[in-house]
Amino acid sequence: MRIGVVVHGPQIVDTGFAEKILGLLKNYGTVKARLGGTMGRTAVIDANLEGAIDINYKLLPSQSIDKISEDSDVVFLINYGKSCVTGHAFGYKVYNRCKSDPNLIQIERPGEPDGTIIPWKSNQIDLADAVAKDLKLKVMDPSLVAKAVQTNCISNPTEDESIVYRKIAGVSADENIFLNGIVIGKSTSSDVTLIAENGILTQILGGIIKEHGVEKLGKIELDVAVVKTGLLRRSKIKPRIIDRNIELFNKHNKLNISYLSHAAEDIYKLKDSDLVVTVGDDTTLVAADILYRFRVPIIGITDGDLDRVVEQGFRTVGSMIVELESGYDDIIGKKIFSELFNGKQTMEIENIENFKSKIIQIISNTTSKYNLKHN
């Protein structure tokens, strides 16, 4: 039997269950695995599992399932949600977004008392039962899961099709709310509904909207957007450092510098840069944390509006953080992009310290209120 596995999120990897499940499924056939979504990529790298889990593609979970099902007899979606409510809602939505009508089995929160296995296709019940016994998990009836998810959903209470409502499952008070990788607000209760008008998020019922995040987000299709709450990575981990075969501050070679202003972009494409300029608190935190694995320092342009999207944040030696007054990070970022990068995402320089001096000059020409933090 050809078994495809789609691994979603960092928690299933950090707990060791991704590796355990991949090993277990080899008893049933040949196994091929890939990442679904992008948040688990760093966890796969830290666990040194790139050889077992393909992390080369930036696809949604449903897209990953469709792709791997092309040459698989059955596909397992393995996930470790914050709760069974969020995990079941996630699986239900992913399954219904698949275009290939896959033979899908979901393994959810395998290390918890409420861990479950859901055979989303009825012809996979026997296999689901067998794997459930191996993992000591309960098998859930997919129709009951679907009914529970649908009960918690909200349909548009008006006839105006330009207004879209979306209720978030399993959220707790005081959690970040992400839409397509961007923090757009914070919950104030466990009952949260997002409202978009003409593609623009306008309200968060049960939460506080972050206007700056909404501006970065732009127009969206709320009913199909990727929604996450809480931390992007909950585990406290030891990062795996991957040695680079270059001499980072060699003054005799040209250095490749990149510019990043959006945390939802593919930061891993910048892993071969010698330095990355990041704009925004969350963008800086996430980029610095990921690039730490590849020994890439950053120059972060921030204004103290941090949402703490990861449990820990790491920075490569040689990094510099500039903290400005509220709102000035975008202003300075645009000037750096225009005056130093000439409107391009990458550039070459000969000396890091000279480049830092030019950035500080741009800042001091704009405002006298800033703090420098070196690492």
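The values are calculated or read from the model by the stated rules, or taken from the named source; none is laboratory data. Being a predicted model, the structure only gives us computed values, none of them experimental. Cβ coordinates were reconstructed from backbone atoms using ideal geometry, including for glycine residues, and neighbour counts include every protein chain displayed. Heads up: the accessible areas ignore ligands, DNA and RNA and are worked out on the full protein's heavy atoms, side chains in. Shrake-Rupley method; radii C 1.70, N 1.55, O 1.52, S 1.80 Å.
Key figures
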| read-out | value |
| --- | --- |
| Rough spin-label spacing in nm, given labels placed 7 Å along Cα→Cβ, for ASN365 and ILE349 | 1.5 nm |
| Label-to-label distance, nm, for residues given as GLU339 and THR30 (7 Å Cα→Cβ offset) | 5.9 nm |
| Residue (of LEU324, GLN63, VAL164) at the positive-pole extreme of the chain, dipole from beta-carbon charges | GLN63 |
| Heavy-atom accessible surface of the chain: percent carbon and sulfur, 1.4 Å | 47 percent |
| Gain in span if fully extended, LEU135 to ALA148, counting 0.36 nm per residue against the direct Cα distance | 2.3 nm |
| Inter-label distance, nm, simple model (7 Å from Cα along the C-beta direction), ARG240/THR202 | 4.7 nm |
| Solution diffusion estimate, µm²/s, Stokes-Einstein, the chain, Kirkwood Rh from C-alpha pairs, 37 °C, viscosity 0.692 mPa s | 148 µm²/s |
| Dipole moment magnitude, nearest 20 debye, the chain about Cα centre, only Lys, Arg, Asp, Glu C-beta charged | 860 debye |
| Between helix 142-152 and the chain: long-axis angle, C-alpha atoms, 0 to 90°, nearest 10 | 50 degrees |
| Distance from segment 321-375 to segment 97-136 (C-alpha centre basis), Å | 50 Å |
| Per residue value of the accessible surface for segment 19-175 (all protein chains in place, 1.4 Å probe), Å² | 48 Å² |
| Overall form of segment 271-375 per C-alpha gyration tensor (a/c, 1.5; a/b vs b/c) | oblate |
